[in-house]
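So the structure is just underneath, and the comments pick up after that.
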Amino acid sequence: MALDDYIHGRDERAVLERKMRQEGRLPPGQSLTLKWPVLHDGEVPDFDPAKWDFRVGGLVEDPLSLTWPELLALPRKEVTSDFHCVTRWSTFDNRWEGVPVPAVLERARPQREATHVMVCGHKGDARYGYTTNLPLADLDRPDVLLALRHNGEDLDPEHGGPLRLVVPHLYAWKSAKWVRGLILMDADKPGYWERAGYHMRGDPFAEERFG
Ligand SMILES: Nc1nc2c(c(=O)[nH]1)N[C@H]1C(S)=C(S)[C@@H](COP(=O)(O)O)O[C@H]1N2
Ligand SMILES: [Mo]
């Protein structure tokens, strides 16, 4: 970016970042990126639609197990939301399409004692099994999706395709890629990054990065 362009506000990234800051949408310590970085631990898992399932278990009245065609048959909605990675980049106005998590929880009927959820990534090699924990109230929101599509295209495998969780109001490590299940719990337990010191909740506007 030439200095001249920057001074005259032709740096698209800087201009947008200023706008998001003014609108109160840029959390403290974050910067806007126009790209969509790929960030995860381990390998992108293979997807076999014949073997794939999605389960909701633990403290639920009706444990749920959906095949890939069953998941595809559920009603979808579109949510436009922002995405904040704890490594300090944020992307804005992502158009996600997917199955709203409240609809899935409604079918499984959480028991009264259920307060927290362990979200499970793919169940391939145990070394790469990804988990992340969050309060049930943070998952049971109309803008939280099991996302199949992003900006009008099927989700790329490296971004969590065929299915990823999207929890827009928490740091992006809570948005598990290749999501395969939810386990309802009556206490909070740390997931993969949380065990390594990341925050149990992860509100980007409160900078809940660690601890
Ligand atoms: N299964 C799985 N999901 C994951 C991760 C991971 O390592 N494994 N990393 C998280 C982190 S730290 C971020 S920032 C986002 C990044 O999503 P993206 O690669 O689509 O940008 O995925 C999250 N979901
Ligand atoms: Mo992240």
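Values quoted throughout were computed directly from the atomic coordinates according to the rules given, and no laboratory measurement underlies them. Just so it is clear, the structure is predicted and the values come from calculations on it, not from any experiment. For neighbour counting, all protein chains shown are included, and Cβ atoms are generated from backbone atoms with ideal geometry for every residue, glycine included.
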Taking the alpha-carbon centre of each part, the distance from region 127-176 to region 180-195 in Å is 14
How compact and how long is region 127-173, expressed as Rg and Dmax of its alpha-carbon atoms in Å? 11.6, 33
Just from its helices, what would the mean residue ellipticity at 222 nm be for the chain, if runs of 4 or more DSSP H residues each count -39500 (n - 2.57) and the sum is divided by every residue, rounded to the nearest 500 deg cm²/dmol? -4000 deg cm²/dmol
If you place +1 on the Cβ of every Lys and Arg, -1 on the Cβ of every Asp and Glu, and leave all else neutral, what size is the dipole of the chain about its Cα centre, to the nearest 20 Debye? 220
If packing is taken as the average count of other Cβ atoms within 10 Å, what order do 15-24, 165-174, 52-61 fall into, highest mean first? 165-174, 52-61, 15-24
Ordered by residue, what ³J(HN,Hα) values in Hz, to whole numbers, does region 163-177 give under the Karplus form 6.51 cos²θ - 1.76 cosθ + 1.60, where θ = phi - 60° and Gly and Pro are x? 9, 9, 7, 10, 10, x, 8, 10, 3, 5, 5, 6, 8, 4, 7
Given the candidates G57, V167, P157, the one whose Cα lies deepest towards the positive end of the charge dipole of region 38-206, counting +1 at each Lys or Arg C-beta and -1 at each Asp or Glu C-beta, is G57
Quick one, can you get me the convex hull of the C-alpha atoms of the chain expressed as volume per residue in Å³? 129
In whole Hz and in residue order, list the ³J(HN,Hα) couplings for region 56-66 that follow from phi through the Karplus curve 6.51 cos²θ - 1.76 cosθ + 1.60, θ = phi - 60°; x for Gly and Pro. 10, x, x, 7, 10, 6, 10, x, 10, 9, 10
Helix axis angle, 12-22 relative to the chain longest principal axis, alpha carbon, degrees: 70
Which value, in debye to the nearest 20, gives the size of the charge dipole of region 1-102 about its Cα centre, when Lys and Arg are +1 and Asp and Glu are -1 at the Cβ? 440
Which whole-number percent is the relative contact order of region 90-211 (Cα, under 8 Å, 6+ apart)? 30
Under 27 Å between alpha carbons: how many lysine pairs meet that in the chain, if sequence neighbours fewer than 8 apart on the same chain are excluded? 17
